[in-house]
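I have placed the structure first, in the form of structure tokens, so that the comments after it can refer back to it.
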Amino acid sequence: MTNETESKNRKRRTRFTMVLRRVHLYAGLFLLPWVFLYGITGAMFNHYGLFSEANIVDVPSSALSGSALDDFPSADLLAQQVVEQLRLAVPDAKIEMVDSHQPEFVNDVILQVKEDKIKHLVHIDPVAKSAWVASSPDKKYQPDAMLAKIRNVDVPSRPYELAKTSVASVLESAGIGADGKSEPQGWCKLNFLATVDGTPARVTYVLRDGHVDVSKFEGKSGMSPRQFFMRLHTSHGRPPHWNARMMWSLFVDIMACAMVGWGVTGLVMWWQIKRTRLIGGAVMMLSIATAIGLYYGMIHFYAASKL
């Protein structure tokens, strides 16, 4: 290989690296709002008190000493009691607990108390026997109902029946020979704005059962800022129309591709810095080992738990 050829190859690699770094950089800058959204709201799902709109009071176990929680059974004891009752209910069955699996509570015991337009959510930790209370105004937004006496309408086109009838044709066209009866799944709705006696109204028609809801349109989502951003986090799927919801779903796809892209470009840039290869390789192996451990741990958790 001549010096000139080697120089050209080096320039190509340098140019490729520069393009890679720029893509990595500008994709991150463009998608920064989504990075912050998913990062912050992800933490909000895990921590109720983060940016909470409720007043949260922690109640330590010491403050609950002498209460009914003193008699709250441990996970082991409760599991034994459940098994004993199962044995009594089905005496012919041999029911034994598996020693290799520790009984565990899935989550807190949660109860709600309403008082003077204030909603108190009481979370009781069944293991530590402590608790915390989230108090917030019970101010669920309810737009003014219009045409309240009308609950259902029967439209002549009968769209849901047409969809059910077309299932056989869909399956046949897909090469699936299924003769079973189709059953409703989900709630396809038609939403549109109208006016009732000159007043703006939001109309929702449920295709499945013909239920119709007409309420005064005030341009409000009915969600608090916290609820709205968390709803954005969980929004998924694509509607059949091109609207803001469809555009959001496209950016979810872009964000997914960008995250994979950041991983790939990060690997390439890491490998190009020779002095970081050893430490970076060790960190990556630790990451892979941790991910594998959590993978099998979560598989076992969901296999042994019914949520």
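Note the full-extension length gain between Q272 and R231 as 0.36 nm times their separation in residues minus their Cα-Cα distance, in nm to one decimal.
The Q272-R231 span can extend by a further 10.7 nm.
How would you rank T41, T204, T290, going from fewest to most other Cβ atoms within 10 Å of each one's own Cβ?
T290, T204, T41
Using the Cβ atoms and a cut-off under 14 Å, what net charge is assigned to the surroundings of Y160, where Lys and Arg are +1 and Asp and Glu are -1?
Net charge around Y160: 0.
Could you give the length gained on full extension between S169 and S221, defined as 0.36 nm per residue of separation minus the Cα-Cα distance, in nm?
14.9 nm
Can you work out the FRET efficiency for the pair A304 and R158, with r the C-beta to C-beta distance and R0 = 51 Å, to the nearest 0.05?
So, using R0 = 51 Å, E works out to roughly 0.65.
Is there a quick way to get the dipole size of the chain? I mean about its Cα centre, with the Cβ of Lys and Arg at +1 and of Asp and Glu at -1; what is the value in debye to the nearest 20?
The calculated dipole for the chain is roughly 2160 debye.
How many nm is it between the label spots at M97 and V196, if each spot is 7 Å from the Cα in line with the beta carbon?
Each label point is offset 7 Å from its Cα along the Cβ direction, giving 5.7 nm.
Along the three principal axes, how long is the stretch 55-141 when you take its alpha carbons, biggest first, rounded to the nearest angstrom?
Taking max minus min along each principal axis of the Cα atoms, the stretch 55-141 gives 52, 33, 23 Å.
Where in the chain are the DSSP H helices whose C-alpha atoms run 18 Å or more along the long axis and whose mean Kyte hydropathy is at least 0.5?
Result, helices passing both filters: 32-46, 244-272, 277-304.
Provide the packing ranking of 242-255, 171-184, i.e. peptides ordered by the mean count of other C-beta atoms within 10 Å per residue, highest first.
242-255, 171-184
Can you tell me the Rg and the Dmax, both Å, for the Cα atoms in the chain?
Just the Cα atoms of the chain yield Rg and Dmax of 28.6, 88 Å.
Which entries of K119/K149; K149/K181; K164/K220 have Cα-Cα distances beyond 32 Å here?
Cα-Cα > 32 Å for K149/K181; K164/K220; rest within.
What number, rounded to the nearest 500 deg cm²/dmol, is the helix-based mean residue ellipticity at 222 nm of the chain, given -39500 (n - 2.57) per DSSP H run of at least four residues and division by all its residues?
-15500 deg cm²/dmol
Which whole number in µm²/s is D for the stretch 142-219 by Stokes-Einstein, with the Kirkwood Rh taken over Cα pairs at 10 °C and 1.306 mPa s?
108 µm²/s
Return the whole-Å distance between the Cα centroid of the stretch 35-74 and the Cα centroid of the stretch 261-301.
A separation of 33 Å, based on Cα centres.
When the Cα atoms of the stretch 84-126 are enclosed in a convex hull and the volume is divided per residue, what value in Å³ results?
108 Å³
Could you tell me which of Y160, V23, I254 has its Cα farthest along the dipole of the chain towards the positive end, charges placed at Cβ (Lys, Arg +1; Asp, Glu -1), taken about the Cα centre?
V23
For the stretch 187-307, just the Cα atoms, rotate onto the principal axes and tell me the three extents in Å, largest first.
74, 39, 27
In debye, nearest 20: dipole of the stretch 55-141 around its Cα centre with unit charges on the Cβ of K, R (+) and D, E (-)?
520 debye
Could you calculate the contour length gain from A148 to R245, that is, 0.36 nm times the residue separation minus the distance between their Cα atoms, to one decimal place in nm?
This chain segment gains 32.1 nm when fully extended.
Since every read-out is calculated from the coordinates, none of them should be taken as a lab result. Since this is a predicted model, take the numbers as computed values, not measurements. Note that each Cβ is placed from the backbone with ideal geometry, even for glycine, and that neighbours are counted across all protein chains shown.
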